[in-house]
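In what follows, a single structure is set out as structure tokens and then discussed.
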Amino acid sequence: MRVHTLKRAVVALALALPGAAIASVVAAPAAHADGCYTWKRTLYQGASGGDVRELQLRVAGWAGRRDIVELDGRYGPKTAAAIRRFQAAYGLGVDGIAGPQTFAKLYQLQDNDCTPRHFIYPELDNGCGRGGWTGGPLTADQTRSNALRTMWKLEALRRSLGDQPLIVTSGYRDRSCNSRVGGATNSQHLYGNAADIISNHRSLCQIARRARDHGFSGIVGPGVSGHNNHVHVDSRRENNRDGITNRTYWSAPDCGI
């Protein structure tokens, strides 16, 4: 957790103006100075490119139940549906189009290093003491990129739990750390794809149940040995490097999952 980095006043003004509620398909959004990323056109179904991928990263946590938003740079039905859920969650005009109002909210949510405002890289760093992003099966940049996607999914989960804080008790682990804590040899923690979380405001079962609607293809919680004091969430379906079949696996028997 941290205090939200102050954004430019123009972002807050854009959010306050009711006329910004629905974007025209043809109108490009006004550019805002932002330390992370600035979109320069309105995005909608059929669009493609790096700007679409940047958008997909930030709404990955608004995928439908048992679904994921692929970071493929193609604005298809899944991306549009995720945008609609994001818009509804933040009280925006719901049209499935990423225009000025949607971008203004994203600018408000992201900090200059592209992390969402309620999470930081050190929280997702080495589970045995924040030892950096090396020592796993991927490059440091790949691992860090996966951790960023994990944070954006956690931001969405946090929002749906009433904007109550989530505490990450374990994020990325290098091989040495993973072995030390008894992690599986192909643990998603090795890839930056996973987080073990708790909350002082929501029960573990509330977290596990709600995580089903936020792009997590792996959920393990109460009722599973070793998971009675936290909820494990991960993006295993999006991992093509772990040597296992991409699938959804949810297990929290004490929570009816």
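The values are calculated or read from the model by the stated rules, or taken from the named source; none is laboratory data. Everything quoted here is computed from the prediction, not taken from an experiment. All Cβ positions, glycine included, derive from the backbone under ideal geometry; neighbour counts span all protein chains shown. What goes into the accessible areas is simple: the full protein's heavy atoms, side chains included, and nothing from ligands, DNA or RNA. Shrake-Rupley method; radii C 1.70, N 1.55, O 1.52, S 1.80 Å.
Some notes on this structure:
- From the options G183, G192, G215, residue that is touching a His at 6+ places or on another chain (Cβ under 7 Å), under 18 Å from A147 (Cβ atoms) and not aromatic (F, W, Y): G183
- Residues that are closer than 25 Å to D72 by Cα and at pLDDT 95 or above number at least 3 in the following helices (runs of 4 or more DSSP H) confined to segment 113-214: 140-160.
- Within segment 58-79, the residues that satisfy the criterion of being surrounded by 20 or more Cβ atoms within 10 Å (Cβ to Cβ) and in a helix (DSSP H, G or I) are R58, A60, G61, W62, T79.
- Answer residue from segment 239-256, given it is among the hydroxyl-bearing types (S, T, Y) and assigned to a strand (DSSP E or B) and is most open to solvent (accessible area, probe 1.4 Å) among those: Y249
- Test: residue in segment 84-102 that is open to solvent by less than 30 Å² (accessible area, probe 1.4 Å), among the aromatic types (F, W, Y), closer than 23 Å to D67 by Cα and assigned to a helix (DSSP H, G or I): yes
- Residue in segment 185-238 that is farthest from the chain's Cα centre (by Cα), counting only those that are open to solvent by 20 Å² or more (accessible area, probe 1.4 Å) and under 20 Å from T134 (Cβ atoms): T185
- Any hit, segment 125-140, residues being at positive phi, in contact (Cβ under 8 Å) with a residue 60 or more places away in the chain and surrounded by 15 or more Cβ atoms within 10 Å (Cβ to Cβ): no
- Sole residue being touching a Leu at 6+ places or on another chain (Cβ under 8 Å) and polar (S, T, N, Q), chosen from Q188, Q206: Q206
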